[in-house]
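The next block holds one structure in the form of structure tokens; read it before the comments.
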Amino acid sequence: MKIKILIIITILLALLVGGYFMKNFMPGLFGNEKKLSISITSNKNTYKVGDKIFFEVKLKNVGESSFYIFPHNDNKNTNDWIQVLDKKGQKLPDFTSATIDPRVFAKEKDFIFLKPGQEEYIQKSFDIIIKNELDEGLLFSSGYFSIYLGEPRSFKIRSKYKNKIKTYLDEKNEKKNIFAWTGELFSEEINIKIEDQDNNIKQDKTKINLEKAIEIGEKELERIGYDYVPEHMRVLADDKNTEWEEFVKIDPLILQNERIKKMNLKRKNYWALYYAPKKLSLGGDAWVFVDRDNGEILGNILGK
């Protein structure tokens, strides 16, 4: 009798251990339901223009079965982690300069295994910056990915996780199936507030006016030995640097010029002064870039 009881207990223990093992370490063998939750937090609630903001997205297995997640960031087939909503709850547009198809490179090691109750954290950071020199709107920027915000105010932020990837390529480049979560999830919204450094983003930040900038530009041309004769030249410049913006549209490769790169114009408040001969001619023109805040010469480009 005792032997039978021991056998029954042994069998029950084996079933329990085996069930636990299958549920936690053999995804797909213990039910097919995959339950995933998503939430988002930020490192603080209020930020200033120029701050770096950190978000943490948490994916958690809230089901009873283990499964895999594919946590790569790609707008086409997986996800865009951070979304900013407008006052009507609509997603603000984002821009990316790098789009890839994860199905091309997905390997088994790219998937993360989640047991019941296990969590995976994704960290994302953005710089809060002025969009550009002509538009004082704000921008979340992480290098290749950015979101246009507009004016400083309170924003609603949510996270999105979307995945369609459930296959990978093995070492022989053969497609294999994997028990991965697929679908689309949105987190609850959180609120953050962005304030201007001086609580007034639209204030006049220009200390060097246009007249003074032209005077500084002329002295720079004289200093470098440029044959500048005021009577024979005209200066094209305005508050919006329209002449320079139009020039860049015509010749965008100019931004790859090493002299331009060293000026770091994207992070400067500057005047772009174009000195051109009054009579149409080839060459003889010049660009001079003057810092609007302190009058510093940022650089120049001389025509051939």
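The numbers here are math on the coordinates, done by the rules we state, and not lab data. All values derive from a computational prediction rather than experimental measurement. Quick reminder, even Gly has a Cβ in these numbers, built from the backbone with ideal geometry, and neighbours come from all protein chains shown.
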Once R0 is set to 25 Å, what does the formula 1/(1 + (r/R0)^6) return for the Cβ-Cβ distance between LYS52 and ASN191, expressed as a FRET efficiency to the nearest 0.05? 0.85
Cα-projected label distance for GLU245 with THR41, points at 7 Å along beta-carbon direction, nm: 4.3 nm
Inter-label distance, nm, simple model (7 Å from Cα along the C-beta direction), SER154/VAL235: 4.7 nm
For LEU210 and LYS262, what does the FRET efficiency come to when R0 = 22 Å and r is the distance between their Cβ atoms, rounded to the nearest 0.05? 0.35
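How many percent of Cα pairs in region 228-277 exceed 12 Å?
Tail of the P(r) past 12 Å holds 69 percent of the pairs.
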Neighbouring Cβ atoms within 10 Å as the yardstick, rank PHE140, PHE247 fewest first. PHE247, PHE140
Hits among lysines - C-alpha to C-alpha of LYS207 under 18 Å, sequence gap 8 or more where chains match: LYS240, LYS268
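Work out the FRET efficiency for THR167 and GLU120 from their Cβ-Cβ distance, taking R0 = 25 Å, and round it to the nearest 0.05.
In this case the efficiency is close to 0.80.
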